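Report on the structure given below.
Where a number appears in this text, it was derived from the coordinates with a stated rule and is not lab data. The structure presented is a predicted model; accordingly, all values stated were derived computationally and were not measured. Heads up, the Cβs are rebuilt from the backbone with ideal geometry, glycines too, and the neighbour counts pull from every protein chain shown.
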Amino acid sequence: TIDSWSFYDEKILPQQRIRNYERYVQFLVQEFVPYIQKLHKTHRVAVAGASFGGYHAANFAFRFPDLVSHLFCLSGAFSIRNFMDGYSDDLVYFNCPREFVRNDEAWKYKHMHIVLSTSDQDICRDKNVEMAEILRIKGIDFWYDERKWIGHDWPLWR
């Protein structure tokens, strides 16, 4: 996966991790999404993911809201700072929805159908609560779903 060539690869410098990830993101924007748009005759796509896939879905949706109609983020995270070993630049910032959405204009996201899903025992619960609060303060509509007695695992996401 892209994660093994970027965020999870501790053998390379953080600068290279974020550059590798950005190449993947640009592939999605410049090649993959246009292919889907043409194939299905649609302007916007839906994105979804669970766990770190939830991060990827949320990051893509919030970075490129003009391309996304629906976001389903299941037990996602909203920052990559813990993979950057203290390194920071614009690429890191713009791949941390927790940060850039807080400082962005809300109108960009008003058309999007957003679902944040977690559980009371999910290791990402606090991250989802924080993102929900950011969206609420900005006046961006979303659906927050918090289940009971389930951990960060497949039974929560199916």
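Annotation note: of Asn59, Asn82, the sole residue that is more than 13 Å from the chain's Cα centre (by Cα) and under 28 Å from Thr118 (Cα atoms) is Asn82.
For the criterion of being surrounded by fewer than 17 Cβ atoms within 10 Å (Cβ to Cβ) and in contact with a Gly (Cβ under 7 Å, 6 or more places away or on another chain), Ala106 passes. Looking only at residues of region 126-139 that are out of contact with any helix residue (DSSP H, G or I) (no Cβ under 6 Å at 6 or more places or on another chain) and without any contact (Cβ under 8 Å) to a residue 40 or more places away in the chain, we find that the one that is surrounded by the most Cβ atoms within 10 Å (Cβ to Cβ) is Leu135. Scanning region 27-41 for residues that are surrounded by 12 or more Cβ atoms within 10 Å (Cβ to Cβ) and either under 15 Å from Val68 (Cβ atoms) or in contact (Cβ under 8 Å) with a residue 60 or more places away in the chain (or both) returns Leu28, Val29, Phe32, Val33, Pro34, Ile36, Gln37. Filter region 67-93 down to residues that are out of contact with any His (no Cβ under 8 Å at 6 or more places or on another chain), at negative phi and small (Gly, Ala, Ser) and give me whichever is surrounded by the most Cβ atoms within 10 Å (Cβ to Cβ). Step by step, filter region 67-93, then rank; the result is Gly76.
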